[in-house]
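Inspection log for the structure reproduced underneath, given as structure tokens.
The values are calculated or read from the model by the stated rules, or taken from the named source; none is laboratory data. Keep in mind that this is a model prediction, so the values were computed, not measured. Ideal geometry is used to build each Cβ from the backbone, glycine not excepted, and the neighbour counts take in all protein chains shown.
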Amino acid sequence: MDLAGKNVVYLGGFGGIGQKCVQELLRRQLKALAVFDLTENAEALAEWRTGTPGTDIFYQQVDITKKEDIEAAYNATAERLGHFDVVVNGSGLMNDRLVELTIQINLLGVIQSTLTALEYMDKSKGGRGGLIVNISSVAGLQPTALMAIYSAAKTGTTSFTRSMANPIYFAHSGVSFVTICPGFTETPLLDDISSKTTFTYHTPMLDMFNRVRRQKPEDCARNLVQAMEQAKNGAVLMLELGETQEIDIPDFWKPQIE
């Protein structure tokens, strides 16, 4: 997709990867960018508006755990822009001590945001189609025992997004789906990890976690935006150490039809 002249909604745009992605997106001469997040970053907004005066950039306060917040933000954005072409569900939390909140933000919020966005984007309902990008994780590709709750939520996001990319749905709605699975990225999400693990006792996994190589958020952002421009519907992409790899997930089961 050529992003020039497009209207983009970015959930979690003030986060570690999110801010870098927004900066990368604004280099594409967007028509408009709506940032949905819990707390406004006025300094970042002012900087983006000054640097890209040709793009309508605005903020919508959204608590991703509240369906009514999500619906209100999309409704206000649709009224302002008329339509949106791209949605990036990038809100995230990694803290297994907060079980319900981890599931609400990383999985239920993605589902509610996606389904709400489709009400406006679906061609069969008068929309223009478009692209929805859901940010999962390498923990959504491979179980991560150190963070079992986070891993479960991200695996759910991967499976949900792959399901939404079904060709039958795409033919109906005109909305394509891409799953992004970043590897370890140098953001506050990984800070103080020993206080966020599933269990409180020390394990060798924690020692290994602290030695894993991490990519820069700007490298992750660059590859994420390139994926938005190039990836096909249904793609599952791992963004690891500055590289992009498409993941081929095989079919392990097929129903036996009578």
For ALA221, are the conditions met, namely being assigned to a helix (DSSP H, G or I), touching a Ser or Thr at 6+ places or on another chain (Cβ under 8 Å) and surrounded by 14 or more Cβ atoms within 10 Å (Cβ to Cβ)?
-> no
Among the residues of region 36-56, how many are part of a helix (DSSP H, G or I), touching a strand residue (DSSP E or B) at 6+ places or on another chain (Cβ under 8 Å) and farther than 22 Å from ASP2 by Cα?
-> 1
Within region 42-63, restricting to residues that are under 18 Å from SER91 (Cβ atoms) and in contact with a helix residue (DSSP H, G or I) (Cβ under 8 Å, 6 or more places away or on another chain), the one that is surrounded by the most Cβ atoms within 10 Å (Cβ to Cβ) is VAL62
Residue check for GLU258: surrounded by 11 or more Cβ atoms within 10 Å (Cβ to Cβ) and either more than 24 Å from LEU190 (Cα to Cα) or out of contact with any Ser or Thr (no Cβ under 6 Å at 6 or more places or on another chain) (or both) | no
Could you tell me which of the residues TYR169, TYR201 is modelled with pLDDT of 95 or more and of a type in the set (Phe, Trp, Tyr)?
-> TYR169
How do the pairs read when you match residues in region 235-258 that are part of a loop (DSSP other than H, G, I, E, B) with residues anywhere that are charged (D, E, K, R) and surrounded by 11 or more Cβ atoms within 10 Å (Cβ to Cβ), using Cβ under 7 Å and keeping only pairs 6 or more apart or on different chains?
-> ALA235/GLU246; GLY242/ASP219
Members of region 141-169 found to be out of contact with any helix residue (DSSP H, G or I) (no Cβ under 9 Å at 6 or more places or on another chain) and either assigned to a helix (DSSP H, G or I) or of a type in the set (Phe, Trp, Tyr) (or both), listed by number | ALA148, ARG162, PRO167, ILE168
Test: TYR59 is under 13 Å from LEU11 (Cα atoms), part of a helix (DSSP H, G or I) and more than 15 Å from the chain's Cα centre (by Cα) | no
